[in-house]
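*Asks:* Before anything else, here's the structure in question.
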Amino acid sequence: MITTLKVIFSTLLVWVTYIVISTSLENSLFKEWDFLGSIPWMRATLWDFYANIFIITLWMFYKEKSIFLKIVWVILFVCLGSIATCAYVLIKLFKLKPGEGVKELVGNR
């Protein structure tokens, strides 16, 4: 199960990074912001994004002991979204000891 999760999150990390970089090279978010901000679905997407960031941040706050790491991860989650989320989960997956599973991934500090 853990190997499958590593493959899934690695694939997601590569795919989302590719999409973000290729889109950024094609079109500037900052240049399009006024137009995008006027679209109701864009506003809904941003609210959805930040709700997810809030949930992921609560989990990360539980997992991390260092206040410094908590601050760094919040900044990365807000600025990089799914890229940072996939990276965070992958780091936690690769830190699991042999025999540990999803229960330890989600629950252990």
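The values are calculated or read from the model by the stated rules, or taken from the named source; none is laboratory data. This is a predicted model, so every value here is computed, not measured. Note that each Cβ is placed from the backbone with ideal geometry, even for glycine, and that neighbours are counted across all protein chains shown.
*Asks:* Can you tell me which residues in the range 62-107 are aromatic (Phe, Trp, Tyr) and within 14 Å of the chain's Cα centre (by Cα)? Give the steps one after another, and end with the answer.
*Replies:* Step one: of the range 62-107, the residues aromatic (Phe, Trp, Tyr) are 62, 68, 73, 77, 88, 94.
Correct list: Trp73, Phe77, Tyr88.
*Asks:* Among the residues of the range 13-41, count how many are of a type in the set (A, V, I, L, M), loosely packed, with under 12 Cβ neighbours inside 10 Å and either within 18 Å of Phe77 (Cβ to Cβ) or touching a helix residue (DSSP H, G or I) at 6+ places or on another chain (Cβ under 8 Å) (or both).
*Replies:* 1
*Asks:* Condition test on Arg43, is it modelled with pLDDT under 90, of a type in the set (D, E, K, R) and in a helix (DSSP H, G or I)?
*Replies:* yes
*Asks:* Any idea which of Lys70, Lys31 is at pLDDT 95 or above and basic (Lys, Arg)?
*Replies:* Lys70
*Asks:* Among the candidates Phe77, Phe49, single out the residue that is modelled with pLDDT of 95 or more, in a helix (DSSP H, G or I) and aromatic (Phe, Trp, Tyr).
*Replies:* On inspection, the qualifying residue turns out to be Phe77.
*Asks:* Spot the failing condition for Cys79; the list is (1) surrounded by fewer than 12 Cβ atoms within 10 Å (Cβ to Cβ); (2) touching a helix residue (DSSP H, G or I) at 6+ places or on another chain (Cβ under 8 Å), and only one is missed.
*Replies:* The single condition Cys79 does not satisfy is (2).
*Asks:* If you don't mind, another one. Of the residues Val89, Val102, only one is within 19 Å of Ile8 (Cβ to Cβ), β-branched (Val, Ile, Thr), surrounded by 15 or more Cβ atoms within 10 Å (Cβ to Cβ) and in contact (Cβ under 8 Å) with a residue 40 or more places away in the chain; which?
*Replies:* Values: Val102 fails: surrounded by 15 or more Cβ atoms within 10 Å (Cβ to Cβ).
Exactly one of Val89, Val102 is within 19 Å of Ile8 (Cβ to Cβ), β-branched (Val, Ile, Thr), surrounded by 15 or more Cβ atoms within 10 Å (Cβ to Cβ) and in contact (Cβ under 8 Å) with a residue 40 or more places away in the chain, namely Val89.
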